[in-house]
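Here the structure is laid out as structure tokens; the discussion comes afterwards.
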Amino acid sequence: MAPPLTIIIATILYAIIHSLLATLGAKARTQQWFGPAADRWYRLAYNLFAGISFLPILWLMTVLPDQRLYTIPFPWVIISTLGQVLGAVIIVLGILQTDAWSFIGLRQIITPPTHDKEPELIINGLYHRMRHPLYTGGLLFIWLTPVMTVNALTLTIILSIYLIVGARFEERRLLHEFGEAYAEYQKQVPMLIPRVKREA
């Protein structure tokens, strides 16, 4: 099997499993099986599984035969590296804005979530400019890599598709959770690429 095809299959399998586990149905089923403990541990377990299950793909990237496509030359590599730094900063700031401890899943363990508390829709800071800054930062980071190979390009394309499709599925979940408030937010703020100017 050709290396790019191997990477495509492995990444698609990862994306399917990762997406299914993020659905409300998967969370509800876990609550049926494990009771209140599911609310406390699901987010952390999900993140740990997502990280560990991605390691085989990284391993494939190191062992499969590959071919270099291009290397960004100096001084343009400075611009691409700064773009990657910007992408990383966007990701970190986006996580911090939504409560880093909650994003990781540790806050839920320390302070078990209560169903009578209304969820909060974050629309300030980076989320005032784009609805999914984490995905925007991720796309910046993977596409501005200074050395691109056939396998790396394959993975970058598949991950980009996954991020965009994942954003669509997340939008459906957020619409279900926040209703008209999120629908209005969608009208006001772009999904991934911030506008230079926004109407008041």
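Within this structure, G83 fails the test of being touching a residue at least 12 places away in the same chain (Cβ under 8 Å) and under 14 Å from the mean Cα position of the chain (by Cα).
Residue pairs whose Cβ atoms lie under 6 Å apart, separated by 6 or more positions or on different chains, with the first residue in segment 128-139 and among the hydrophobic types (A, V, I, L, M, F, W, C) and the second surrounded by 21 or more Cβ atoms within 10 Å (Cβ to Cβ), are M130/T136; L134/G94. Within this structure, R173 passes the test of being basic (K, R) and under 24 Å from I17 (Cβ atoms). Taking the numbered list (1) surrounded by 14 or more Cβ atoms within 10 Å (Cβ to Cβ); (2) over 24 Å from the mean Cα position of the chain (by Cα); (3) in a helix (DSSP H, G or I) in turn, W33 passes all entries but (1). Scan segment 145-167 and tell me whether some residue there is over 15 Å from the mean Cα position of the chain (by Cα) and either at pLDDT below 90 or assigned to a loop (DSSP other than H, G, I, E, B) (or both). Scanning segment 145-167, I find at least one residue that is over 15 Å from the mean Cα position of the chain (by Cα) and either at pLDDT below 90 or assigned to a loop (DSSP other than H, G, I, E, B) (or both), so the answer is yes. Looking across segment 11-30 at every residue that is part of a helix (DSSP H, G or I) and hydroxyl-bearing (S, T, Y), the one that is farthest from L174 (Cα to Cα) is identified as T11. If you take the residues in segment 183-200 that are surrounded by 13 or more Cβ atoms within 10 Å (Cβ to Cβ) and under 19 Å from the mean Cα position of the chain (by Cα), which one is modelled with the lowest pLDDT? Among those residues, the one meeting the criterion is P194. Restricting L106, L64 to residues that are surrounded by 14 or more Cβ atoms within 10 Å (Cβ to Cβ) and either β-branched (V, I, T) or under 23 Å from Y162 (Cβ atoms) (or both) narrows the list to L64.
Restricting attention to segment 140-158, does a residue exist that is without any contact (Cβ under 8 Å) to a residue 12 or more places away in the chain and on the phi > 0 side of the Ramachandran plot?
Taking segment 140-158 as the starting set, the residues that turn out to be without any contact (Cβ under 8 Å) to a residue 12 or more places away in the chain are 157.
Then keep just the ones that are on the phi > 0 side of the Ramachandran plot; that gives none.
Checked against the condition, which is being without any contact (Cβ under 8 Å) to a residue 12 or more places away in the chain and on the phi > 0 side of the Ramachandran plot, segment 140-158 yields no hits at all.
Only one residue in G125, G137, G179 is of a type in the set (G, A, S) and under 30 Å from Q31 (Cβ atoms), so which one is that? Spell out the reasoning first.
Working: G125 fails: under 30 Å from Q31 (Cβ atoms); G137 fails: under 30 Å from Q31 (Cβ atoms).
The unique qualifying residue is G179.
The values are calculated or read from the model by the stated rules, or taken from the named source; none is laboratory data. The model shown is predicted, which means the values in this text are computed figures rather than measured ones. Because the Cβ atoms are built from the backbone with ideal geometry, glycine has one as well, and the counts that use them run over all protein chains shown.
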